[in-house]
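In what follows, a single structure is set out as structure tokens and then discussed.
Each value in this text was obtained by applying a stated rule to the coordinates, not by laboratory testing. Given the structure is predicted, the values throughout are model-derived calculations rather than measurements. All Cβ positions, glycine included, derive from the backbone under ideal geometry; neighbour counts span all protein chains shown.
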Amino acid sequence: MLVVMQHGATPEQIDGVVRTIEEMGYQARPMPGSQRTAVGLVGNDGRVDSSRIEALEGVAEVIHVSQPYKQVSREWQPESTIVTIAPGVSFGGGEIPIIAGPCSVESEQQIIASAKAVRAAGAVALRGGAFKPRSSPYAFQGLGKKGLELLALAREETGLAIVTEAMDDEGAHLVAEHADCIQIGARNMQNYSLLKTVGKIGKPVLLKRGMAATINDLLLSAEYILAAGNDQVILCERGVRSFDPAVRNMFDLTAIPVVHKLSHLPIIGDPSHGTGIRGMVTPMARAAVAAGADGIIVEVHPTPERALSDGGQSLYPEQFAQLVGELRLIAGSIGRSLAASGTAAAAAG
Ligand code: PEP
Ligand code: MN
């Protein structure tokens, strides 16, 4: 529930609403706005009797949020949230940042070569898993903490922001120390204790859609992070399981406009996991930008045939450079632009 205060409501009147919400056994979240203040009521599971609040002085209106997720909804906050993970790297505004890099961090040479290649092509953030959620326990599991240190080194050398996955609470704290944005992978989208942890850590979070999750499930998972106090959440469409083995996953482009309608959070597209096939990545990346994605995350590897994970869906650096040029044109044609590798890179020289 959202209590909208009258224009010019006094601090005492706002306090009165906060106190009443707390007396009713819920939590109050005052949200000062440019026009008027709203006070969010959270902690309820179901409709709250608002008559006591409606009667308070200074209250203009009470809005019952109709969605099961509250703070994530556009009813709660009509204006889009902009999530900034590093200087010049913001998701949800007019600019579209590109995150690129290998599936996994494999060695210093590999991650530095990847970082330099994707930066030269126009990426503003580097991806690369240090903790890898692999379907087989015998597959490469990632370099762990050493991988995070190599990512930090790549940031020093290139100025790229770092996005990397955490799979558990301990990993989340380690990732927060080394990276700019904590990725929660598809397999952990419904790991609610991990969602609460990253909510409390407060660093920007990239939350990927689970492979069999509905958009409603995705938004409820994001709600866990906002409910824990962190509104710096970027959603990511990465394809869902389908009946059709022609591709690894079915990239759900519709999720982009649907999320924009339902939520104020930015949503980006991952055409690499969304298709699982190198030749399909470029067309679906183009389509995601055309559909209004607030960013793109793409797997790029200097030598995909030698990659320790997801080589078959990783672009060659030249293919990625070509794609960025095309995305620039598509973004321009819909009144947006690609984020330039400016501030973050310039800071590192
Ligand atoms: C990844 O980004 O490498 C990854 C494992 O993605 P997802 O969680 O979407 O499968
Ligand atoms: Mn991958």
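Values computed for the structure shown
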| item | result |
| --- | --- |
| Relative contact order (%) - the chain, alpha-carbon pairs under 8 angstrom, separation at least six | 18 |
| Degrees separating the helix 215-227 axis from the principal Cα axis of the chain, which is the longest one | 70 |
| Ratio of the Cα radius of gyration of segment 2-63 to 2.2 N^0.38 Å, where N counts its residues | 1.00 |
| Violating pairs (Cα-Cα greater than 22 angstrom) within the set 200/261; 70/132; 145/203; 208/261; 116/146; 196/261 | 200/261; 70/132; 196/261 |
| Among 285, 139, 113: highest mean-square fluctuation, GNM of the chain, C-alpha pairs under 10 Å | 139 |
| Highest-MSF residue in the chain out of 190, 313, 141 [GNM, Cα springs under 10 Å] | 141 |
| Computed helical MRE - 222 nm, the chain, DSSP H runs ≥ 4 contributing -39500 (n - 2.57), nearest 500 | -11000 deg cm²/dmol |
| Cα centroid separation - segment 106-169 against segment 1-71, whole Å | 43 |
| 0 to 90° range, to nearest 10: angle between helix 192-201 axis and the chain longest Cα axis | 80 |
| Projected-area mean, segment 162-243, by convex hull of Cα positions, square nanometres | 4.7 |
| Packing rank of 122-130, 16-24, 225-233, where each peptide gets the mean count of other beta carbons within 10 Å, highest leading | 122-130, 225-233, 16-24 |
| Net length gained if the chain between residue 10 and residue 242 were fully extended (0.36 nm per residue, minus Cα distance) | 78.1 nm |
| 11 Å beta-carbon shell around residue 189, net charge (K/R +1, D/E -1) | +3 |
| Relative contact order [Cα under 8 Å, 6+ residues apart], segment 2-63, whole percent | 48 |
| Degrees separating the helix 317-333 axis from the principal Cα axis of the chain, which is the longest one | 40 |
